[in-house]
Amino acid sequence: DEPGERPWNRMGIGNILNRSKKAVCLDIKDSRGRQIAQRLGARADVIIDNNRPGALDRSELGYEAVSAGNPGVVFVAISGYGASSAYRDYPAYGPVTEAMGGLNWLTRDRRFPDEPLPTGMGLPDPIVAAMATARVAAGLNARRASGRGEYIDLSQVECTATFLGDVFAAWQQAPVEDRDWRLSQDPANSAVPADGGRFLVATASPDEPAGGSVPEGTFPLDPHALRAKSIAAAWDNSPRDVLESDQLREFWVEFDHPDVGRLRYDGNPILTAGGRAAATRFPSLGESNRDVMMSWLGYSADEFAEMEAAGVLVTRPRMPS
């Protein structure tokens, strides 16, 4: 809870997502900063644009400008509503697009029918990121044959809606305003209240063998007992429960950072025969300025120092007084 001297380097979500990256921070409103960004774009395989549609075009950093000199670039534009949408110029963040995409309707609690129930994490952000990753892989694969990249336009709302297909289908068959979990003593697809404010979530399949059925009236509030009967069951784990779970196979990793200290972070969820890909710690804002400018782009030490002094390259954001 302490902001520290450089609070912009202590943002948890940014630190989690920026592992194994280099961080360059520059002012693209300055012609020299814009030229640096253009030089980076000229040698990029992939560019992710997370601004409102058209924002990078105004700085000559959009797809048309970059692909003119780098036809192999795969350019992904991610926005709330899509670059060709009637809402293209509207601001949007994850909590807003999860409401517009129908997600909050699904999670609304019947006990408070007039109050939306956001996920609390802006779920469209990771949803659209997963789809962008898959589409980038396809674009790079196609480039092997054609030599050309492509422009990819993704809408957070549309990507979120694709995750709710079963909800839309159910509503079309029976348009009922029933938005929440059913709390009962039925082990099939239910969240059952238990002591201490916890819930046991269980799902019984009709395809399970006879030993997997639970006779009426004998539903044990014990996930281990239910698993022994071939019924999927688990407590609704708290963050502490997940952090201490013995099922996560050494999933958590720790990093030291000068502004954050040593903390635990989620690791790479993809495990192969070679193990998990190891990540390097997240960089501070602009930490890679010198490395990228001099090693990648060939600027001299004097040129780098001059641009740093002029505020073209920075390691701290411009903040209100």
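Rounded to the nearest 20 debye, the dipole magnitude of the chain is 900 debye, with +1 charges on Lys and Arg beta carbons, -1 on Asp and Glu beta carbons, and the Cα centre as origin. Placing unit charges on the Cβ atoms only, positive for Lys and Arg and negative for Asp and Glu, gives segment 54-144 a dipole magnitude near 340 debye about its Cα centre.
Largest first, what is the accessible-area ranking of ARG39, ARG290 with a 1.4 Å probe?
In descending accessible area the options line up as ARG290, ARG39.
What is the list of residues in segment 238-257 whose amide nitrogen lies under 16 Å from a point 7 angstrom out from the Cα of TYR265, following Cα to Cβ? Only 251-257 pass the distance filter. Phi angles of segment 138-147 translate, via the Karplus equation with coefficients 6.51, -1.76, 1.60 and θ = phi - 60°, into HN-Hα couplings of 5, x, 5, 5, 5, 5, 4, 8, 9, x Hz per residue; Gly and Pro are given as x.
Take the Cα of LEU117, step 7 Å toward its Cβ, do the same at ALA99, and the gap between the two points is 1.7 nm. Where a Cα-Cα gap under 16 Å defines reach, which aspartates and glutamates qualify for LYS22, not counting those fewer than 8 residues away within the same chain? Straight-distance partners of LYS22: ASP45, GLU287, ASP291.
Sorted largest first by accessible area at a 1.4 angstrom probe radius, with every protein chain in place, the residues SER295, SER245 fall in the order SER295, SER245. Put a dot 7 Å past the Cα of ARG276, heading toward its Cβ, do the same for ASP57, and the two dots end up 4.2 nm apart. Taking +1 at the Cβ of each Lys and Arg and -1 at the Cβ of each Asp and Glu, which of SER67, TYR81, GLY94 sits farthest along the dipole of segment 66-140 towards its positive end, judged by Cα position relative to the Cα centre? Of SER67, TYR81, GLY94, it is SER67. With a Förster radius of 22 Å applied to the C-beta separation of SER230 and PHE251, the computed FRET efficiency comes to 0.25. Among beta bridges from DSSP that stay inside the chain, the antiparallel ones total about 65%. Within straight-line reach of LYS29, meaning a Cα separation under 12 Å, sit the following aspartates and glutamates at least 8 residues removed in sequence or on another chain: GLU60. In the chain, a dipole from Cβ-located charges (positive for Lys and Arg, negative for Asp and Glu) runs towards its positive end, and of ALA130, GLY267, ILE47 it is ILE47 whose Cα lies farthest in that direction.
Which shape class applies to the chain: rounded if a/c is under 1.5, otherwise prolate when a/b exceeds b/c and oblate if not, where a ≥ b ≥ c are the square roots of the Cα gyration tensor eigenvalues? Cα axes put the chain in the prolate bin.
How would you classify segment 1-111 from its alpha-carbon gyration tensor, with a ≥ b ≥ c the square roots of the eigenvalues: rounded for a/c under 1.5, else prolate if a/b is greater than b/c, otherwise oblate? Since a/c reaches 1.5 but b/c is at least a/b, the shape of segment 1-111 is classed as oblate. For VAL46 and ALA191, the FRET efficiency from 1/(1 + (r/R0)^6), where r spans their Cβ atoms and R0 equals 30 Å, is about 0.15.
Here's how it looks for ARG281: its modeled amide H is under 5 Å from those of SER20, which are all 5 or more places away or on a different chain. With a simple spin-label model that places each label point 7 Å from the Cα along the Cα-to-Cβ direction, the separation between ALA86 and VAL242 comes to 3.8 nm. With a Förster radius of 30 Å applied to the C-beta separation of LEU17 and THR107, the computed FRET efficiency comes to 0.80.
Surface composition of segment 1-69: carbon and sulfur make up 47 percent of the accessible area, probe 1.4 Å. Cross-link partners of LYS229 among lysines, defined as those whose alpha carbon lies under 23 angstrom from its own and excluding same-chain residues fewer than eight positions apart, are absent.
Please name which of THR315, ALA278, GLY298 has its Cα lying farthest along the dipole of segment 267-321 towards the positive end, using unit charges on Cβ (Lys, Arg +1; Asp, Glu -1) and the Cα centre as origin. Farthest towards the positive end: ALA278. Excluding ligands, DNA and RNA, the accessible surface per residue across the chain is 63 Å² with a 1.4 Å probe.
The values are calculated or read from the model by the stated rules, or taken from the named source; none is laboratory data. Bear in mind that the values here come from a model prediction, so they are computed numbers and not experimental data. Cβ atoms come from the backbone with ideal geometry, glycine included; neighbour counts cover every protein chain shown. We work out accessible area using only protein heavy atoms, side chains counted, and drop any ligands, DNA or RNA first. Shrake-Rupley method; radii C 1.70, N 1.55, O 1.52, S 1.80 Å.
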